[in-house]
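Structure first, then comments.
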Amino acid sequence: GAVVSQHPSRVICKSGTSVKIECRSLDFQATTMFWYRQFPKKSLMLMATSNEGSKATYEQGVEKDKFLINHASLTLSTLTVTSAHPEDSSFYICSAGGGSETQYFGPGTRLLVL
Amino acid sequence: GNSVTQMEGPVTLSEEAFLTINCTYTATGYPSLFWYVQYPGEGLQLLLKATKADDKGSNKGFEATYRKETTSFHLEKGSVQVSDSAVYFCALTLNQGGKLIFGQGTELSVKP
């Protein structure tokens, strides 16, 4: 099946710094990628839809200036958490569309903001 | 609005027991339905899917039937194994390649 990777898998940062998370589709091209946030024992919450070559579409309540998304190529989307605070600590997951309604998920990135 | 509701976990079963995880949905159109599984420490993997009413998705001994009349997509397996221990997510999408709406997830723990 299709493979989606994320980097880094874990990151610890100080409050006020910015963190960039990469999402790559390794063996297929994805014009659309999705970014989710997962809290412990909770479901995935869609944050935004990342479209190659255009601006991301953010879900209601998600701060676009805080969670910057760039989808510069058909195989790479990045999520930058700017001026991170402890409440941003979470598990961030990306997915990429396989063109047949199936989405392939990355392994996730665990962010801890101290 | 569109939503997915799953039975609450955790669900604890003995090996070889029968599994049912209930999933119901609310949708404004005709959704495609999915079950994803998340093993400990890993990302979500597609387990099975159904794209129209009465379709049955199946994979690795798991099955789910798209029931439009009851707006349900319950996951079943006749004999679970310890290796099935994971969190299971029911989800829907209303457009091709579009965003998924997830249920809250159900944790399954299978004991030897």
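Rounded to the nearest 20 debye, the dipole size of the protein assembly as shown about its Cα centre is 400 debye, using +1 on the Cβ of Lys and Arg and -1 on the Cβ of Asp and Glu.
Between exposed trypsin sites (Lys or Arg not before Pro) in chain A, where DSSP calls loop and at most 16 other Cβ atoms lie within 10 Å, what's the longest gap? Don't skip to the end; give the middle numbers.
Working: sites that count: A:LYS14, A:LYS41, A:LYS42, A:LYS55, A:LYS64, A:LYS66.
Excluding the exposed sites themselves, the longest stretch runs over A:67-114.
Each Lys and Arg adds +1 at its Cβ and each Asp and Glu adds -1 at its Cβ; summed about the Cα centre, chain B shows a dipole of about 340 debye. Ignoring aspartates and glutamates fewer than eight residues from A:LYS64 along the same chain, the ones with Cα atoms less than 19 angstrom from its Cα are A:GLU22, A:GLU52, A:GLU87, A:ASP88. When the Cα positions of B:ALA50, B:PRO31, B:VAL82 are compared along the charge dipole of segment B:3-112, B:PRO31 comes out farthest toward the positive end, with charges on each C-beta of Lys, Arg, Asp and Glu.
A 24 angstrom limit on the alpha carbon distance is what I want to check against. Which of A:LYS66/B:LYS49; B:LYS49/B:LYS99; B:LYS52/B:LYS77; A:LYS14/A:LYS55 exceed it? If you can, show how the numbers build up before the last one.
Details: A:LYS66/B:LYS49 34 Å; B:LYS49/B:LYS99 15 Å; B:LYS52/B:LYS77 21 Å; A:LYS14/A:LYS55 28 Å.
From the list (A:LYS66/B:LYS49; B:LYS49/B:LYS99; B:LYS52/B:LYS77; A:LYS14/A:LYS55), the Cα-Cα distance tops 24 Å for A:LYS66/B:LYS49; A:LYS14/A:LYS55.
Under the criterion of Cα pairs below 8 Å and six or more residues apart, the relative contact order for chain B equals 37 percent.
Let me check I've understood the local charge: for A:VAL11, count other residues with C-beta under 13 angstrom from its C-beta, Lys and Arg +1, Asp and Glu -1. What total comes out? Display every interim value, and only then the final one.
Details: positive: A:ARG10, A:LYS14, A:LYS20, A:ARG110; negative: A:GLU22, A:ASP88.
Charge balance near A:VAL11 sits at +2.
Across segment A:60-114, Cα pairs under 8 Å and at least six residues apart give a relative contact order of 28 percent. Shown in residue order for segment A:49-62 are the 3J(HN,Hα) couplings computed by the Karplus curve 6.51 cos²θ - 1.76 cosθ + 1.60 at θ = phi - 60°: 10, 9, 10, 4, x, 9, 6, 6, 9, 9, 6, 4, x, 9 Hz (x for Gly and Pro). By the rule of a C-alpha distance below 18 Å, with chain neighbours fewer than 8 residues away ignored, the aspartates and glutamates paired with B:LYS68 are B:ASP54, B:ASP55, B:GLU76.
Looking at the protein assembly as shown, the DSSP beta bridges with both ends there are about 90 percent antiparallel.
Only the coordinates and a few stated rules stand behind these numbers; no lab work does. No experiment lies behind these values; they were computed from the predicted model shown. Here the Cβ is made from the backbone with ideal geometry for all residues, glycine too, and neighbour counts use every protein chain on show.
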